[in-house]
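In what follows, a structure is listed as structure tokens, so that the remarks can point back to it.
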Amino acid sequence: MDPYIATWIAIALIFVLMALGVPVFAALGAAGMAGIVMVEDLPFLLNRLKSFSYTQSASYLLTVIPLFILMGAFAHHAGIGARLFQVARSWVGHWPGGLAMASVLTSAGFACTSGSSVATAATVGAVAIPEMKKSGYDPRLAAGSIAAGGVLGVLIPPSVLLIFYAALTEVSAGAMLIAGIVPGLLTTLVFMAGIWLICRSGMASQATLAPHTWGQRVRSLRHGWQVLLLFSIVLGSIYLGLATPTEAAAIGACAALIMLLCARQARSRLRQAFNASCRSAITTTVMVMFTMIGAGIFSYFLSLVQLPQELAALVSDSDIPPMLVVALLLLIYLPLGMFLDAFSMLVITLPIVFPTVVSLGFDPIWFGILAVKMCEIGLITPPVGLNVFVIAGIDRDTPLTQIFHGAWWFVAMEFATILLLFFFPAVVTLLPQSMLQQG
């Protein structure tokens, strides 16, 4: 069969299968196998599938994923999120929208221990939403700030999504993690500035709390030492070249486990906390592995028909400005984010998009951060904004429409941050270029 016809049939098959409720990894794998059979034959496909699962998943780098998930789960059960919120509240709680700002700061802090957006939103939401409702905050601002703050979990390292991007594109995992630090901090500051503007303009009701003394603020910092320790262990060792990402993740997971064992509030339910953490790590890792295998089959089909190479050559030979090409490629993530999770978006787009970006001479790490930022937007936009549904499960008194309304304010802030990163690539690339590589 003609490769172009086979490609269109395979792509259409993906969406048909997903519309029927087939999991994304299965839809990708089935479409890829159908495409391979159309351009080659069944014996060719069966021969390639003999060792395909092993070659796609037997990667030393991928052991980082369960270790980062374990570290975040142990930190959650050790009560780190609740203590972080009290620290942030004492410092910014008296500002306009102070508790919402404290929620964003807590999300940024907890993201330093967890690579999951959902875990970050759930942990901070359980602590912060009751506090904001008690203080009379607008439900849209309360729920929206936590749903948006949760997206920092996929950007601020240790981020599973950054590791996933590195595994798919074969760029340095350590450099990807370090590259997420400054954009994560910038996003946090933009969110806080946006909350201040929303509250000062009267778009959302909020209470002004009594300020803490400087002595109280300084003393509160002792509750945040665990986050600082984990962040220093993981990112410090990677940046200084003392450990690979896998080694740093293992050390961080062990440190978080010790914190869990020493946490007073967790002693009565230590076994349940340990089992839940391991279960979370296993389920997330299995999901990622299956997604990689399904995507790998489809990517192999695309390489057979030479689609990525032809697209890259076409764009390179065109008169379209390279920056405009990258902008258009990034916009693809907007409609995809309305229906797919972040992992699925990356595995579907990167086999086609990444060769084009590299052929135009752009830094793959810079593009990776921008792609992850676009995936963040999908976590808080309808109809499948995963973080919004997590918050709706915590705050059952606030209608889903109001939570999405509150999240839209932060979508605008996300676009403002993406524009800054797009036009000033040095914000992303400065730290990775200065780091000491290890292994």
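The values are calculated or read from the model by the stated rules, or taken from the named source; none is laboratory data. All values derive from a computational prediction rather than experimental measurement. Every residue, glycine among them, receives a Cβ derived from its backbone with ideal geometry; neighbour counts consider all protein chains shown. What goes into the accessible areas is simple: the full protein's heavy atoms, side chains included, and nothing from ligands, DNA or RNA. Shrake-Rupley method; radii C 1.70, N 1.55, O 1.52, S 1.80 Å.
Observations on the model:
- If you filter region 325-381 down to residues that are within 24 Å of V305 (Cβ to Cβ) and among the hydroxyl-bearing types (S, T, Y), you find that the one that is farthest from the chain's Cα centre (by Cα) is S359.
- Hey, I195 within 22 Å of G109 (Cα to Cα), in contact with a Gly (Cβ under 7 Å, 6 or more places away or on another chain) and not small (G, A, S) or not: yes
- Residues located in region 208-240, provided they are among the hydrophobic types (A, V, I, L, M, F, W, C) and touching a helix residue (DSSP H, G or I) at 6+ places or on another chain (Cβ under 8 Å): L209, L221, V227, L229, L230, I233, V234, L235, I238
Results for (1) farther than 25 Å from A167 by Cβ; (2) in contact with a helix residue (DSSP H, G or I) (Cβ under 7 Å, 6 or more places away or on another chain), shown as yes or no for each residue.
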site	(1), (2)
C262	yes, no
A266	yes, yes
R271	yes, no
T284	no, yes
V305	no, yes
P364	no, yes
F367	no, yes
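- Qualifying residue in region 336-350 (condition: modelled with pLDDT of 85 or more, open to solvent by 60 Å² or more (accessible area, probe 1.4 Å), of a type outside the set (D, E, K, R) and in a helix (DSSP H, G or I)): no
- Looking at L221, L230, L209, just one residue is open to solvent by 30 Å² or more (accessible area, probe 1.4 Å), aliphatic (A, V, I, L, M), over 30 Å from A412 (Cα atoms) and assigned by the TED database to the domain that holds P96, and that residue is L221.
- Residues satisfying the stated conditions in region 103-129, i.e. surrounded by 24 or more Cβ atoms within 10 Å (Cβ to Cβ) and either farther than 30 Å from Y165 by Cα or among the basic types (K, R) (or both): A128
- Scope region 382-439; condition surrounded by fewer than 18 Cβ atoms within 10 Å (Cβ to Cβ) and outside any helix (DSSP H, G or I); matching residues: P382, P383, V384, R396, D397, P399, F424, P425, L436, Q437, Q438, G439
- Restricting the first member to region 25-52 and to residues that are assigned by the TED database to the domain that holds I5, and the second to residues that are part of a loop (DSSP other than H, G, I, E, B) and β-branched (V, I, T), the beta-carbon pairs closer than 9 Å and six or more apart or on different chains are A30/V22; G35/V305; V39/V305.
- Within the option set A295, A281, being in contact (Cβ under 8 Å) with a residue 60 or more places away in the chain, of a type outside the set (K, R) and farther than 22 Å from M18 by Cβ holds for one residue only, A281.
- Test: residue in region 362-381 that is of a type outside the set (D, E), open to solvent by 50 Å² or more (accessible area, probe 1.4 Å) and not in a helix (DSSP H, G or I): no
- When L161, L185 are checked against the criterion of being open to solvent by 50 Å² or more (accessible area, probe 1.4 Å) and under 15 Å from the mean Cα position of the chain (by Cα), L185 stands alone in meeting it.
- Selected residue (only one of W95, W91, W8 is out of contact with any helix residue (DSSP H, G or I) (no Cβ under 7 Å at 6 or more places or on another chain) and of a type in the set (A, V, I, L, M, F, W, C)): W8
- Residue within region 132-143 that is within 18 Å of G194 (Cβ to Cβ), more than 13 Å from the chain's Cα centre (by Cα) and of a type in the set (D, E) present: yes
- Set side by side, the residues A250, A256, A276 differ, and just one is open to solvent by 20 Å² or more (accessible area, probe 1.4 Å) and in contact with a Ser or Thr (Cβ under 9 Å, 6 or more places away or on another chain), which is A250.
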